[in-house]
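Peer 1: Shown below is the structure under consideration.
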Amino acid sequence: MLINVQEEYKEAIMQYRLEHLDEAVICGSGDLQNYEHYEDWKKWIDCHEQKQTLPKGRVCARQYLFVEEHQLLGMVNIRLELNDYLFQYGGHIGYSIARNQRGKGYGKKMLKEALAICRQFAMHDVLLVAKKDNLASIHTIISNGGVFENEVKDGKEILKRYFIHI
């Protein structure tokens, strides 16, 4: 289930970071890759919750942990609005699953729960973006009602854009 970030998961969050550091960005983690200390990361994600505390160029967002049986299985970041860059290349929802938990259906379940949260924020058309070669993510998006919009190029990457109407 998706829960708000809680200090009791501090060690698991930092372990998640270490396990994914070889990735340029840990998708859906609120820039966790940039923070060696939980407290600094927590301040960073907290400042994204209200317009008054947003860093310049950023959008309001909520950070969630995907937990089952007190085990951190994934992370989700829900952007409540989009800037130009996110509209083209990022979307409303970023997510990742722990490497040792992939292929078990958790992504589909996690995205379904994230869409329910989007509905609570009165979002109706949710944009999701996946790398063209990330077939697992594309399958997850489509299985949650994703409708292909188009492909865009971001540097060397080709991204597929999908909308889910909720």
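The values are calculated or read from the model by the stated rules, or taken from the named source; none is laboratory data. This one's a predicted model, so the numbers in the text were calculated from it and none came from an experiment. Positions of Cβ are backbone-derived with ideal geometry, glycine not excepted, and every protein chain shown enters the neighbour counts. The accessibility values were calculated without ligands, DNA or RNA, using every heavy atom of the protein model including side chains. Shrake-Rupley method; radii C 1.70, N 1.55, O 1.52, S 1.80 Å.
Peer 1: Determine the sum of side-chain charges near K131: Lys and Arg each +1, Asp and Glu each -1, restricted to other residues whose C-beta is under 13 angstrom from that of K131. Walk me through the numbers before you get to the answer.
Peer 2: Values: positive: K132, K153, K156, K160, R161; negative: E23, D133, E151, D154, E157.
Taking every other residue near K131 into account, the sum is 0.
Peer 1: Using a 1.4 angstrom probe, figure out how much accessible area the chain has per residue, in square angstrom, rounded to the nearest whole. If you can, show how the numbers build up before the last one.
Peer 2: Details: 9290 Å² over 166 residues.
Normalised by residue count, the accessible surface of the chain is 56 Å².
Peer 1: Can I ask one more? Accessible area of the stretch 1-55 with a 1.4 Å probe: how many percent of it is carbon plus sulfur?
Peer 2: Numbers: 1640 of 3340 Å².
The computed percentage sits at 49.
Peer 1: So, taking all protein chains as they sit and a 1.4 Å probe, how much accessible area belongs to I26, in Å² rounded to tens?
Peer 2: 0 Å²
Peer 1: Holding the Cα-Cα limit at 30 Å, pick out from K109/K132; K10/K109; K51/K104; K43/K112 the pairs that are longer than that.
Peer 2: Correct reply: K51/K104.
Peer 1: Show E151, E8, E81 ordered by accessible area, largest first, where the area counts protein heavy atoms only and the probe is 1.4 Å. Each step should come with its number before you reach the end.
Peer 2: On the way: E151 80, E8 130, E81 55 Å².
Largest accessible area first, the list is E8, E151, E81.
Peer 1: Let me ask you something else. Could you sort T140, T53 by their accessible area in this structure, using a 1.4 Å probe and putting the largest first? Numbers along the way, then the final one.
Peer 2: Numbers: T140 15, T53 70 Å².
My answer, sorted largest first, is T53, T140.
Peer 1: Can you compute the charge dipole magnitude of the chain about its Cα centre, using +1 on each Lys and Arg Cβ and -1 on each Asp and Glu Cβ, nothing else charged? Give it in debye, rounded to the nearest 20. If you can, show how the numbers build up before the last one.
Peer 2: Numbers: 22 positive and 23 negative charges, 102 e Å.
Charge dipole of the chain: 480 debye, to the nearest 20.
Peer 1: Once amide H atoms are placed 1.01 Å from N in the peptide plane, what residues at a sequence separation of 5 or more from L80, or on another chain, have their amide H within under 5 Å of its amide H?
Peer 2: Here the answer is C60, A61, R62, since their amide H atoms fall under 5 Å of that of L80.
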